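Provided herewith is a single structure, encoded as structure tokens, for subsequent inquiry.
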Amino acid sequence: MGVETAGIAVVTGAGSGLGREIASALLGAGYGVALAGRRAEALAETADGAEAALVVPTDVTDPASVAALFEAVRARWGRLDLLVNNAGVSLGGTVDELSVEDWRRTVDTNLTGMFLCAQQAVRLMKAQEPRGGRIINNGSISAHTPRPASVAYTATKHAVTGLTKAISLDGRAHDVACGQIDIGNAATEMTARMTAGIPQADGRIAVEPTFDARHVADAVLYMAGLPLDANVGFLTITATAMPFIGRG
């Protein structure tokens with residue numbers, strides 16, 4: 001299983017997209033990985049029969065479901081070295097048009113879900129021997145600047161930055177490191193629409209470049225592989241020519 005050399009990880013949102021890419025990379029690097037997400041069938045596809053994978057259907061918005069996820073990790077491996085807080089939703093809408101229901105669903109998933117998972121992870125990391133571990137939060141370029149009609153997503157991703165800093169500070173005394181990866185235009189199902197053109201800040205519809213999502217997984221592996229006395233606080237990885245830096 002490679003537990004002695006790599007460690008034990010939890011990846012949320014592991015049934016598709018970046019979560020699947022990251023989980024697969026961790027499995028390939030010798031980690032034992034708990035795959036968390038809403039759809040058991042999709043998680044099983046990510047596991048692909050790997051003995052070191054543990055499929056745990058999880059609703060990150062539900063405290064009881066999250067607690068059961070980390071109890072399953074404790075029961076299987078007895079410890080946790082890495083949490084990749086990746087689960088999230090992106091529901092579009094301007095501040096005057098977005099429904100309260102979609103606002104709450106976005107906040108519950110993108111922010112409260114990360115809090116609940118981090119809470120359980122830190123409790124386990126503090127209690128285990130040797131103590132400590134690492135949390136990596138998926139922030140997004142939207143943690144820096146918004147896209148049009150993305151008020152809920154942008155607000156939650158800005159809040160994730162504060163969550164990352166607070167966990168990093170609170171974790172110091174317990175050998176818990178926390179960092180954030182902000183990703184722009186990795187090629188996944190979610191970004192496929194960019195190749196057909198998406199709205200820009202000036203009202204234009206423009207095609208945006210993407211990049212291979214495996215580079216995100218490589219970046220996570222780098223962050224995860226550091227000793228606990230070193231930490232990447234914030235890492236930004238984007239398609240080189242995406243309209244983020246500058247004025248488009």
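Testing the spin-label approximation: label points 7 Å from Cα along Cα→Cβ at Ile245 and Glu41. State their distance in nm.
Modelled inter-label distance: 4.3 nm.
Another one. Through the Karplus equation 6.51 cos²θ - 1.76 cosθ + 1.60, θ set to phi - 60°, convert the phi angles of the range 70-81 into ³J(HN,Hα) values in whole Hz; use x for Gly and Pro.
6, 5, 5, 5, 4, 5, 7, 10, x, 6, 9, 9
Let me ask something else. Calculate one ³J(HN,Hα) per residue across the range 52-69 by plugging θ = phi - 60° into the Karplus curve 6.51 cos²θ - 1.76 cosθ + 1.60, and present them in order as whole Hz with x for glycine and proline.
7, 9, 10, 8, 10, x, 9, 9, 5, 7, 10, x, 5, 5, 5, 4, 5, 4
Let me ask another. What order do you get for Tyr222, Tyr31 when you list them from fewest to most C-beta neighbours inside 10 Å?
Going from sparsest to densest Cβ surroundings: Tyr222, Tyr31.
I would also like to ask the following. Sticking with the crude label model, points 7 Å out along Cα→Cβ, report the distance from Ala192 to Ala50 in nm, one decimal please.
So the label points at Ala192 and Ala50 sit 2.3 nm apart.
Then there's this: Rank the residues Arg172, Arg147, Arg20 as a footprinting-exposure proxy: fewest other Cβ atoms within 10 Å of their Cβ go first.
Result, fewest neighbours first: Arg172, Arg147, Arg20.
Right, next: Output wanted: per-residue J couplings in Hz (rounded whole) for the range 161-166, from phi through Karplus 6.51 cos²θ - 1.76 cosθ + 1.60, θ = phi - 60°, x for Gly and Pro.
Per-residue couplings from phi come out as 4, x, 4, 4, 5, 5 Hz.
Sort Val66, Val11 so the one with the fewest other Cβ atoms within 10 Å of its own Cβ comes first.
By the 10 Å Cβ count, ascending: Val66, Val11.
More than 17 angstrom separation, counting every C-alpha pair in the range 148-226; what % is that?
Above the 17 Å cut-off, the range 148-226 has 63 percent of its Cα pairs.
Measure nothing but the geometry: give the 0 to 90° angle between the long axis through the Cα atoms of 214-225 and the longest principal axis through the Cα atoms of the chain, rounded to 10°.
It works out to around 40 degrees.
Between Arg105 and Arg204, what length in nm is gained on full extension when 0.36 nm per residue of separation is reduced by their alpha carbon distance?
32.8 nm
Another question, then. If amide H atoms are built 1.01 Å from N in the plane of the peptide, which residues on other chains or at least 5 residues away come under 5 Å of the amide H of Gln180?
For Gln180, whose amide H was placed from the backbone, the distant partners under 5 Å are Asn137, Phe234, Leu235.
Relative contact order, percent, of the chain when contacts are C-alpha pairs under 8 Å separated by at least 6 residues?
17
Using modelled amide H (1.01 Å from N, peptide plane; none on Pro or chain starts), what sits under 5 Å from the amide H of Gly30, excluding residues fewer than 5 places away?
Residues meeting the criterion, in which the H sits 1.01 Å from N, do not exist here.
For a quick check: with amide H placed at 1.01 Å from N, whose amide H comes under 5 Å from Gly93's, ignoring anything fewer than 5 positions away on the same chain?
Amide H neighbours of Gly93: Ser150, Val151.
Every read-out reported here was derived from the displayed coordinates using simple, explicitly stated rules and does not represent laboratory data. Since the model is a prediction, treat every value here as computed from it, not as a measurement. Backbone-built Cβ (ideal geometry, glycine too); neighbour counts: all protein chains shown.
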